[in-house]
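A short write-up of the structure that comes next.
Each reported figure results from applying straightforward, stated rules to the coordinates on display, with no laboratory input. Given the structure is predicted, the values throughout are model-derived calculations rather than measurements. Glycine also receives a Cβ, built like all others from the backbone with ideal geometry; neighbour counts cover every protein chain displayed.
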Amino acid sequence: NAGVTQTPKFRVLKTGQSMTLLCAQDMNHEYMYWYRQDPGMGLRLIHYSVGEGTTAKGEVPDGYNVSRLKKQNFLLGLESAAPSQTSVYFCASSYIQGAVGNQPQHFGDGTRLSIL
Amino acid sequence: AQTVTQSQPEMSVQEAETVTLSCTYDTSESDYYLFWYKQPPSRQMILVIRQEAYKQQNATENRFSVNFQKAAKSFSLKISDSQLGDAAMYFCAYRSRYSGGGADGLTFGKGTHLIIQP
């Protein structure tokens with residue numbers, strides 16, 4: 001019963017490098033999300049997806065791209081990493097069932113990303 | 001846009017005592033959901049309790065309960081009989097009911113660090 005799995009758990013990048021964070025869920029959830037958490041802050045929404053092949057911008061989308069080619073996977077890409085993107089990244093997923101907003105989001109364990 | 005404010009950066013309580021964490025929010029919507037998440041040092045985000053705005057009855061989950069005051073836009077979390085395992089960051093979060101298909105994600109407060117004194 002894996003739930004939401006994020007890969008990798010830690011990564012150090014140099015400024016200008018690119019990388020992709022992978023999120024996989026095995027709960028058949030429709031919705032998936034990427035958040036970032038900075039010190040002294042709550043989580044902030046980067047991008048989200050309401051289904052396979054669809055994505056949308058959240059509160060802080062600049063510098064990131066996402067793709068949802070398969071229902072169970074949601075990828076977060078950094079094309080040219082910047083030190084301001086040093087953060088802990090969380091993926092989450094949830095059902096659509098009845099009233100949409102009442103479904104809790106299930107979170108992965110986070111990816112700690114450092115940009116030097 | 002909605003905002004969530006947690007005015008207590010840190011709280012401390014003796015083991016077995018009761019503690020209340022505060023949360024206020026700002027919204028123009030009448031229908032929404034509120035959540036409390038716990039984040040222990042392991043970094044996991046764990047759902048503690050949730051409340052539907054259209055329900056007047058306060059939600060309860062074992063030792064955890066909320067005091068939801070819709071008119072005041074207040075959503076506090078009460079932890080009874082505090083245990084060492086309750087030590088964590090606690091985040092209050094808001095979600096619209098039908099915003100953009102209901103998938104706009106959660107809006108979080110900045111969190112309250114709860115310390116349990118043995």
- request: Please report the relative contact order for chain B, taking Cα pairs under 8 Å with a sequence separation of at least 6, and give it as a percent rounded to a whole number.
  value: 37
- request: Compute the distance in nm between two label points, each set 7 Å from the Cα along the Cα-to-Cβ direction, one at B:Ala71 and one at A:Thr7.
  value: 5.4
- request: Search the structure for amide H atoms under 5 Å from the amide H of B:Glu15, placed 1.01 Å from N in the peptide plane, and list their residues when 5 or more places away or on another chain.
  value: B:Gln117
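Given Cα pairs under 8 Å that are at least 6 residues apart, what percent is the relative contact order of segment B:1-58?
It rounds to 28 percent for segment B:1-58.
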field: Residues whose placed amide H lies under 5 Å from that of B:Val66, excluding near-sequence neighbours
entry: B:Ala59, B:Lys78
message: Can you give the FRET efficiency to the nearest 0.05 for B:Gln57 and A:Thr15, using r as the Cβ-Cβ distance and R₀ = 35 Å?
response: 0.10
message: Placing +1 on the Cβ of each Lys and Arg and -1 on the Cβ of each Asp and Glu in chain A, which of A:Pro61, A:Phe10, A:His47 has its Cα farthest towards the positive end of the resulting dipole?
response: A:Phe10
- line: Karplus ³J(HN,Hα) for segment A:80-93 (6.51 cos²θ - 1.76 cosθ + 1.60, θ = phi - 60°; Hz, whole; x = Gly/Pro) runs 9, 5, 10, x, 5, 8, 4, 5, 9, 9, 10, 9, 9, 9
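Using the Cα centre as the reference, give the magnitude of the dipole from point charges on the C-beta atoms of segment B:33-82 (Lys, Arg: +1; Asp, Glu: -1; all else neutral), rounded to the nearest 20 debye.
That gives a dipole near 120 debye.
Please state the charge dipole magnitude for chain A, taken about the Cα centre, from unit charges on C-beta atoms (+1 on K and R, -1 on D and E), reported in debye and rounded to the nearest 20.
220
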field: Student exercise, the protein assembly as shown dipole from Lys, Arg, Asp, Glu Cβ charges, in Debye to nearest 20
entry: 340
- prompt: Which of the lysines could a cross-linker span from B:Lys70 if the Cα-Cα distance has to be under 24 Å and same-chain partners fewer than 8 positions apart are dropped?
  reply: B:Lys38, B:Lys55, B:Lys78, B:Lys110
- prompt: Residue by residue, what Karplus-based ³J(HN,Hα) values in Hz, rounded to whole numbers, does segment A:43-56 have, using 6.51, -1.76 and 1.60 with θ = phi - 60° and x for Gly and Pro?
  reply: 6, 10, 6, 8, 9, 8, 9, 9, x, 3, x, 10, 9, 8
- request: Tell me the GluC sites (Glu not before Pro) within segment B:21-104 that lie in a loop according to DSSP and have at most 13 other beta-carbon atoms within 10 Å.
  value: B:Glu29
- prompt: Taking θ as phi - 60°, what are the ³J(HN,Hα) couplings along segment B:42-48 by the Karplus curve (6.51, -1.76, 1.60), each to the nearest whole Hz, with x for Gly and Pro?
  reply: 5, 5, 4, 9, 10, 5, 9
message: Can you list residues from other chains, or at least 5 along the same chain, whose modelled amide H is less than 5 Å from the amide H of B:Met89?
response: B:Gln39, B:Leu114
query: What relative contact order, as a whole-number percentage, does chain A give when Cα pairs under 8 Å and 6 or more residues apart are counted?
result: 35
